[in-house]
2 protein chains.
Amino acid sequence: MHYPKGIKKTKDKNIYYGNRGMDLESDINNSNEYYRIIDKAIIYKKPIPIQINRVDYPSRYEAKIVEAYYKVPSTTDYNGIYRGKYIDFEAKETKNTNSFPLANIHEHQVKHIESIIRHGGIGFIIVSFSNLSKIFILKGEDLINFIKTNKRKSIPIKYFIDNGYLLNYKFQPRIDYLEGIDELYKEKFK
Amino acid sequence: MHYPKGIKKTKDKNIYYGNRGMDLESDINNSNEYYRIIDKAIIYKKPIPIQINRVDYPSRYEAKIVEAYYKVPSTTDYNGIYRGKYIDFEAKETKNTNSFPLANIHEHQVKHIESIIRHGGIGFIIVSFSNLSKIFILKGEDLINFIKTNKRKSIPIKYFIDNGYLLNYKFQPRIDYLEGIDELYKEKFK
């Protein structure tokens, strides 16, 4: 069973429930909301897929789900439209300080990003090295190229420095990843 | 409380649980799967948004949702990429035989479709008149134009006949709506 980001098995109420993964997610959600408000892009996080097994009806107009389970997502978490282009990405966090473990991304998510690129869309990942306070965008093309040409199970941070785009925290939007998209995909927007 | 399509309050097991709304949805899902297999388009239905209130952990690796509720979706049900373009739509069913009640579509969904069009994407609705066995595509532009120039609370079927695209059932894909998209958006694909 995979737990979605931010959902931790714990009964201790003192433990910080929304973990660092949740922080990246809420920063991206806030940024997307800001982009929508200023009408720069229409990008949303997809809801977490849930397998619903049993629903109760306490009243005529109320449906209460009483048995359900998390499902593994078949695609990436975020998609939408920016400057007329289809945008699709996954956001991941690691506490590692020297590399990003590929186990964090499902194989079918990599295949999905590959399909998006083949169909003319913009597919990428956002990776936060939380203990370094560094967030990178890595183009799907570079992610796939690394996987195909390496046997390593994690991507060294140097690969992100050399190929990716380092994002800075801002007041608004919190993570201005579209600035990185403008830069990394200059050719596509010409 | 809004029930998502196909979820009916009933304790009678003889009642057909997956209703006609569910049929349209599964026909579109099947068509999308077919489009992905032949690599024609990458389009998915978004998961139903759920508000999760309580999760139990029967074992170390199992998370069981025991209290959750359906949320009203903030966007449309389907999106993806086709011929390099961002595609976004909502699918609705009516048992009416002469018009489509606008109450079937949330106002924020219409606004979402309007945003998508403004950003250069393709936004539309698929409406099934189930008792007539007729399914139409209506461009978002025509939907919005109707709403802005009419005070009527439903769109007459004649409006679909005059402005939309009538889809035929096929063996595969069950509903070949991309054929309609090719036709309705000829200019955009030039």
Of (1) under 13 Å from residue A:75 (Cβ atoms); (2) away from chain B (no Cβ under 14 Å), residue A:160 fails just (1)
Set B:147, B:135, B:155: member being closer than 26 Å to residue B:84 by Cβ and either of a type in the set (Phe, Trp, Tyr) or open to solvent by less than 80 Å² (accessible area, probe 1.4 Å) (or both)
B:135
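With respect to residue A:180, determine if the residue is touching a Ser or Thr at 6+ places or on another chain (Cβ under 8 Å) and modelled with pLDDT of 95 or more.
no
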Conditions (1) β-branched (Val, Ile, Thr); (2) open to solvent by less than 20 Å² (accessible area, probe 1.4 Å); (3) within 14 Å of another protein chain (Cβ to nearest Cβ); (4) more than 15 Å from residue B:28 (Cα to Cα): number failed by residue B:117
(2)
Selection count, region A:47-105, where residues are outside any strand (DSSP E or B), facing chain B (nearest Cβ under 10 Å) and more than 25 Å from residue A:116 (Cα to Cα):
2
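Quick one: would you say residue B:99 is open to solvent by 10 Å² or more (accessible area, probe 1.4 Å) and small (Gly, Ala, Ser)?
yes
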Any hit, region A:11-32, residues being within 11 Å of chain B (Cβ to nearest Cβ) and modelled with pLDDT of 95 or more:
no
Within region A:150-183, tally of residues that are outside any strand (DSSP E or B) and within 24 Å of residue A:120 (Cβ to Cβ):
9
Would you call residue A:137 modelled with pLDDT of 95 or more, touching a Gly at 6+ places or on another chain (Cβ under 6 Å) and not aromatic (Phe, Trp, Tyr)?
yes
Can you pull out the residues in region A:60-87 that are surrounded by 21 or more Cβ atoms within 10 Å (Cβ to Cβ) and in contact (Cβ under 8 Å) with a residue 60 or more places away in the chain?
A:82, A:85, A:87
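The values are calculated or read from the model by the stated rules, or taken from the named source; none is laboratory data. Keep in mind that what you see is a predicted model, and the values were worked out from it rather than measured. Note: ideal-geometry Cβ built from the backbone for every residue, glycine included; neighbour counts use all protein chains shown. What goes into the accessible areas is simple: the full protein's heavy atoms, side chains included, and nothing from ligands, DNA or RNA. Shrake-Rupley method; radii C 1.70, N 1.55, O 1.52, S 1.80 Å.
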